[in-house]
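The structure under discussion appears below in the form of structure tokens.
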Amino acid sequence: IHGDKDALVRALQLANVVNPDDGGVTWIGGSDIVVQIGDLLNKAEQRDEETLAYMTEIERQARAAGGAVVVTVGDHDLHNAPKLWHEMHPENDPFPSWITAAYEVDRTLFVHGSLSKIILENAGGGSLEAMIRDAGAWLSGTTGENKKPKWIGRGDGPIWSRLYSDKASDEHPHCDDDLFPLLNYLSVDRMVVGHTVRREGISSICNGKVWRIDVGLSKTESRAGNIGASEVLELREGGKVATILSTDVKLKSWKL
């Protein structure tokens, strides 16, 4: 999203979770869960405040309706999101738990970059829950800067890694040697990642076990110029049915 509120609204309207008739300010998704894969903000620009304020309100409405909105923190969010949050909430509202290092639901793991089994074992001590907890404590400011988890800044960590999203993963996806053992260890069926813009649109590798959903929604990244391309991955039936929604038409649909 990179701070592009208009692109965010278009994507949520495309997913049919906010009302298109009122500018997208009202949640209509009921119990649906929205996961924004990270880089919600850009680089401490003015538009970041509008985007964070909008997402905060939509998250509140979704939670009240029995749904959820989650952001898996991206590299652009790491320092900008906590700083901006506290500037916008001088009454010291706690940093929101819905901005998190990783998220799991319906046997699907969401991370901004890519998570490898080696990093989980060596940097995370084999516990995804511990990684999420430690990152949350650091983001919320309840630990000092010296308590920043070391894996957060690692190029091969879940926020920065492009293991399953870059062009190299098209030819050498590491399905058998890393991905499948990781998914089995975590008892999940698939991973959804961002971080690398896929100009050709949302795609999958490893027989639908990894979905790459960063298509460059923002004005600065879009493959559609100033308009901003819109694509959303919709997972239904516990993640077993995946549909790519585009601005005008459903591009593709898979039964996994």
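The values are calculated or read from the model by the stated rules, or taken from the named source; none is laboratory data. What you are looking at is a predicted structure, and each value in this text was computed from that prediction instead of being measured. Positions of Cβ are generated from backbone atoms using ideal geometry, with glycine treated the same way; all protein chains shown enter the neighbour counts. Keep in mind that these areas ignore ligands, DNA and RNA; they rest on the heavy atoms of the full protein, side chains included. Shrake-Rupley method; radii C 1.70, N 1.55, O 1.52, S 1.80 Å.
Just one of the listed residues (D39, D48) is of a type in the set (D, E, K, R), surrounded by 14 or more Cβ atoms within 10 Å (Cβ to Cβ) and within 16 Å of the chain's Cα centre (by Cα), namely D39.
Only one of the numbered conditions (1) open to solvent by 50 Å² or more (accessible area, probe 1.4 Å); (2) at pLDDT 90 or above; (3) aliphatic (A, V, I, L, M) is violated by A168, and that is (2).
Meeting the requirement of 3 or more residues that are free of Cβ contacts under 8 Å to residues at least 60 places away in the same chain and on the phi < 0 side of the Ramachandran plot, the helices (runs of 4 or more DSSP H) wholly within the stretch 109-214 are 117-122, 128-140, 168-171. Would you be able to say whether some residue in the stretch 227-234 is at pLDDT below 90, at positive phi, open to solvent by less than 20 Å² (accessible area, probe 1.4 Å) and in contact with a helix residue (DSSP H, G or I) (Cβ under 6 Å, 6 or more places away or on another chain)? Checked against the condition, which is being at pLDDT below 90, at positive phi, open to solvent by less than 20 Å² (accessible area, probe 1.4 Å) and in contact with a helix residue (DSSP H, G or I) (Cβ under 6 Å, 6 or more places away or on another chain), the stretch 227-234 yields at least one hit. For the stretch 139-149, a residue qualifies if it is touching a helix residue (DSSP H, G or I) at 6+ places or on another chain (Cβ under 7 Å) and either under 26 Å from G208 (Cβ atoms) or open to solvent by 20 Å² or more (accessible area, probe 1.4 Å) (or both), and the qualifying residues are G141, T143, K147, K148. Going through (1) crowded, with 19+ Cβ neighbours inside 10 Å; (2) closer than 29 Å to A242 by Cα one by one, T26 falls short only on (1).
The test for being open to solvent by 70 Å² or more (accessible area, probe 1.4 Å) and in a helix (DSSP H, G or I) holds for E87. Return a yes/no flag: does the stretch 99-121 have any residue that is at pLDDT below 90, of a type in the set (A, V, I, L, M, F, W, C) and either under 29 Å from I205 (Cβ atoms) or over 16 Å from the mean Cα position of the chain (by Cα) (or both). There is no residue in the stretch 99-121 that is at pLDDT below 90, of a type in the set (A, V, I, L, M, F, W, C) and either under 29 Å from I205 (Cβ atoms) or over 16 Å from the mean Cα position of the chain (by Cα) (or both).
Criterion applied to G23, G74 was being over 14 Å from S218 (Cβ atoms) and either of a type outside the set (V, I, T) or at pLDDT 95 or above (or both), and the one residue passing it is G23. In the stretch 90-107, the residue that is farthest from T142 (Cα to Cα) out of those that are of a type outside the set (F, W, Y), assigned to a loop (DSSP other than H, G, I, E, B) and open to solvent by less than 30 Å² (accessible area, probe 1.4 Å) is A102.
Of the candidates I205, I159, I152, I213, the single residue that is at pLDDT 85 or above, within 19 Å of the chain's Cα centre (by Cα) and open to solvent by 30 Å² or more (accessible area, probe 1.4 Å) is I213.
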